[in-house]
Amino acid sequence: MDLAKKVLQGDEKSAARLISMIEDGGDEGHREISLLFSHTGKAHIIGVTGTPGAGKSTLISKLAVNFADKGKKVGIIAVDPTSPKDNGALLGDRLRMRDVEETKGVFIRSMASRGYPGGIAKASAGAVYVLEALGKEIIMVETVGAGQTEMQIYSLCNTIITILAPDYGDEIQLMKAGLLEIGDIVAINKADNVRAEDISAEIAVYIGKNKSKGWETPVLTVQAKEGGGIEKLVEAVNEHFVYLNKNTCGKDIKKEKLKTFMFALLKEELWNRALNTWAGNKRFDSIVKKLQKGEIDPYAAVRKALEINGL
């Protein structure tokens, strides 16, 4: 029996194996994904991004338990920074989610970012499809936490939770055009901090001035470690999913995100193919040497390199 069939029957070991195959980038893993695709599209995919140290892992852990207690089957993809030694995940997020590992109906998978633009591992989309086919109704994707480089999460997930900590107040200005722009819900963690309410009010004013038609982004305060404010956050997440599925504007957003993600994957595939063509290519090496000697400018070098690929 192939892996796809076993995954559809709820076999978590087969799901883990298939995700590993997808991470390795082989054609076999992608062929299995094509068999699962018709069984996807119903799960609520939630992205959790934000500043490093804001408490993303802890928040996800509390959300997972809350959803599981309500009878939902939950999948978690924790995208960790890549280990410089073997390109594997450092597994820091997984260690911080120990409390939820024993919760019934929750499946956790750590993945390495492998330097993929946006902080999301290239294989994360495939992992999401696998977890959907496995029967997970809620799938949460946590990213590396590299600030504004997290924009890629926008096109993969239905709902984006941007989590910030009050002690990042001085850097809020730098993030307004990034993390706040992609967040469907903004959560200020460590609500007991004296600056939490002020930061929350500042962000709410900014969002109010820059909001577009449609969904109004709520700004909530939580205490992830103690579980404070989690119920209200869950309510906001559920309300956003309803909005996406029942509102015409929401449906258009889902379609546009799918298109955006396709282009992101296309860009990555074209880049990989280009690299494979250039590796060990004498013509390409000659172009680089001419650039280094100052015989041609960088723009001319790029044009000549693309000519090798017939572009």
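The values are calculated or read from the model by the stated rules, or taken from the named source; none is laboratory data. All of these numbers come straight from a predicted model, not from anything done at the bench. When we count neighbours, we look across all protein chains shown, and the Cβ atoms used for this are built from the backbone with ideal geometry, even at glycine. To get the accessible areas, we keep the full protein, side chains included, count just its heavy atoms, and leave off ligands, DNA and RNA. Shrake-Rupley method; radii C 1.70, N 1.55, O 1.52, S 1.80 Å.
Observations on the model:
- Taken together, the criteria place Gly71 among residues that are open to solvent by 50 Å² or more (accessible area, probe 1.4 Å), modelled with pLDDT of 75 or more and part of a loop (DSSP other than H, G, I, E, B).
- Candidates Gly41, Gly55 - the one that is within 18 Å of the chain's Cα centre (by Cα), open to solvent by 40 Å² or more (accessible area, probe 1.4 Å) and not polar (S, T, N, Q): Gly41
- Any hit, segment 213-226, residues being more than 26 Å from Ala64 (Cα to Cα) and open to solvent by 30 Å² or more (accessible area, probe 1.4 Å): yes
- Taking every residue in segment 256-282 that is of a type in the set (Asp, Glu) and pairing it with any residue that is open to solvent by less than 100 Å² (accessible area, probe 1.4 Å) and modelled with pLDDT under 85, at least 6 positions away or on another chain, the pairs with Cβ-Cβ distances below 7 Å are Glu268/Lys122.
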